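Step one of this worksheet: look at the structure below.
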Amino acid sequence: DRKPGIHLVKIDSANPARAILNAVFEIKGVDANFGPKEFTTGPDGTIDLSALDPGAYVVTEKKCPGYVIDESQRIIHLVPNQTAEFVFTNNKLPSLLLLKTSSDGLPLKGVSFRLAKIEEGSHYLDRTTSATGEILWEGLEPGVYSLVETATLNNHIISLKEHHVELFPGKVSEIVLENHKRPNLIVYKNDADSGEPIKDTVFVVKAADGHSVDEIKTGPDGKAELKNLLPGVYEISE
């Protein structure tokens, strides 16, 4: 009788035509004198072993870059004159896609976020949105994550809400978040009799708590403007 062998194939669970290379397996004999030894899948996603002693073998996945490791041990029984073929599938590590928009629907570039797995609160993944208003975190571990906005554009209002997002193996989770634009204040100064605009009139703008925000002066059109304020009540004095 010929000694048996093992033909192990590693593939992507979402795309069976995609072989996974560099996956590391540990193989050891249960009632055969073998191992434990580690083997790595090649470009075709396979490991081929031949001339093994008949008996039971334990196959354990140790590493699979970019994929969720299958932590269950597999028992393989080998009999003479056969090469046992086993297919192992893995889910890709999850990803999170964030889209940040302004209240007018346009994407916002330059907004910063902090992502952290809740059970590992000290490990932060800080990113800033691209020109398309997007951040893509890839290769994350499955679990629940905290997402917090840390900085936004100076003409928008930062969102202080903490979002919880659960990530699942083999999936790209998406979240769309919005920032409101800061309001502007416009003051018009006109002649009481003629209605003509009055230029070079100075106004002091104060917040509700009394602290001075800024001084503004009317132009030739009698208009003075203060931009990018926070929502609230303001006092205007000439």
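Within the range 52-76, residues that are open to solvent by less than 60 Å² (accessible area, probe 1.4 Å) reach partners that are among the aromatic types (Phe, Trp, Tyr) with beta carbons closer than 6 Å, at six or more positions or on different chains, in the pairs Val59/Phe25; Glu61/Phe25; Ile76/Tyr57.
Where strands (runs of 3 or more DSSP E) sit wholly within the range 108-155, those with at least 2 residues that are touching a residue at least 40 places away in the same chain (Cβ under 8 Å) occupy 134-137, 143-151.
Restricting the first member to the range 161-176 and to residues that are of a type in the set (S, T, N, Q), and the second to residues that are surrounded by fewer than 14 Cβ atoms within 10 Å (Cβ to Cβ), the beta-carbon pairs closer than 9 Å and six or more apart or on different chains are Ser173/Glu166.
When the range 77-105 is filtered for residues that are open to solvent by 50 Å² or more (accessible area, probe 1.4 Å) and within 18 Å of Asn15 (Cβ to Cβ), the ones remaining, listed by number, are Val87, Thr89, Asn91, Lys92. Among the residues making up the range 1-18, those that are assigned to a loop (DSSP other than H, G, I, E, B), farther than 16 Å from Phe34 by Cβ, of a type outside the set (Lys, Arg) and touching a residue at least 60 places away in the same chain (Cβ under 8 Å) are Asp1, Ser13, Ala14, Pro16.
Checking each residue in the range 1-18 for being under 27 Å from Asn81 (Cβ atoms) and either surrounded by 17 or more Cβ atoms within 10 Å (Cβ to Cβ) or β-branched (Val, Ile, Thr) (or both) picks out Pro4, Ile6, Leu8, Val9, Lys10, Ile11. Residues in the range 216-238 that are open to solvent by 80 Å² or more (accessible area, probe 1.4 Å) and either over 26 Å from His180 (Cβ atoms) or in contact (Cβ under 8 Å) with a residue 40 or more places away in the chain (or both): Lys217, Pro220, Asp221, Lys227, Leu230, Pro231, Glu238.
The values are calculated or read from the model by the stated rules, or taken from the named source; none is laboratory data. Keep in mind that this is a model prediction, so the values were computed, not measured. With ideal geometry, Cβ positions are generated from the backbone for all residues, glycine too; neighbour counts draw on all protein chains shown. With ligands, DNA and RNA removed, areas are computed over all heavy atoms of the protein, side chains included. Shrake-Rupley method; radii C 1.70, N 1.55, O 1.52, S 1.80 Å.
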